[in-house]
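Presented below is the structure to which this report refers.
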Amino acid sequence: MKILCLIFIAILFLSCNKIIISDNLNFVPEKTFKIKNLNLSKKKSISIGSYVTDKDSVISQYKIHSKYSLIVIKLSNISSNLVFNSYKKSNCPTPGYFSTINEDLFEMNISPKIFNEKEKIKTIDFIAEQRPTFNINNDSVKNFTVNFNKLVIKINDDANKVIYGKIEYYGLKNLDAEILFYKVENEGYLFILTPSKEKVILEKNILYQYLFE
């Protein structure tokens, strides 16, 4: 009987441990992930590293042309009928637990639960103080620019599945960003490109050209 109890406790511990691990993002320097039809390694970029959960790389960071910061977030189990919305709001509350993955001119925070693949991603809502300007908006590529003090990306309208960035650099009121969402098969990749220094100007369409041209 004691042996059965010990086995049960061991199974329970391992199950709980797996849940805990799945909510942690572990950083691996210089590691990156491959994206179908794209090859960032041959571009003028420096891979800073990737955040890994359950042995899967889910976030990668790069320096582009020595003056831009690029964050790439991998979202799995994308619905074929995905709806991508954009909203202009002066404030969007972001309560809950977040992992901080960037501390440059702005701080990027992510709910670990967005990497839970059990639920299909049917909607992505982008929210910022300014309405984004779309350059490309089709089924596979959403590309737009936005000037922000805080940006929020909500998955499936779920308060527990949120990505948000806010200005952290002292004296900086807002920041330009070019954002691109790339859907390939059942995966989606969210690219967020910003200047790496305060006085760097974000060139028009630089992210789309960097990825696809």
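Brief remarks follow.
- Residues that are of a type outside the set (Ser, Thr, Tyr), crowded, with 19+ Cβ neighbours inside 10 Å and farther than 21 Å from PHE134 by Cβ, drawn from segment 52-73: VAL58, ILE59, GLN61
- The residue pairs whose first member lies in segment 49-61 and is at positive phi and of a type outside the set (S, T, N, Q), whose second member is buried (at least 17 other Cβ atoms within 10 Å of the Cβ) and at pLDDT 90 or above, and whose beta carbons are closer than 7 Å, counting only pairs six or more residues apart or on different chains, are GLY49/GLN61.
- On the stretch given as segment 11-51, residues that are closer than 18 Å to LEU211 by Cα, modelled with pLDDT under 80, open to solvent by less than 40 Å² (accessible area, probe 1.4 Å) and not in a strand (DSSP E or B) total 1.
- Test result for VAL162, out of contact with any strand residue (DSSP E or B) (no Cβ under 6 Å at 6 or more places or on another chain) and among the β-branched types (Val, Ile, Thr): no
The values are calculated or read from the model by the stated rules, or taken from the named source; none is laboratory data. From a predicted model like this one, the values you see are computed outputs, not experimental measurements. So basically every Cβ, Gly included, is an ideal-geometry build from the backbone, and we count neighbours across all protein chains shown. Keep in mind that these areas ignore ligands, DNA and RNA; they rest on the heavy atoms of the full protein, side chains included. Shrake-Rupley method; radii C 1.70, N 1.55, O 1.52, S 1.80 Å.
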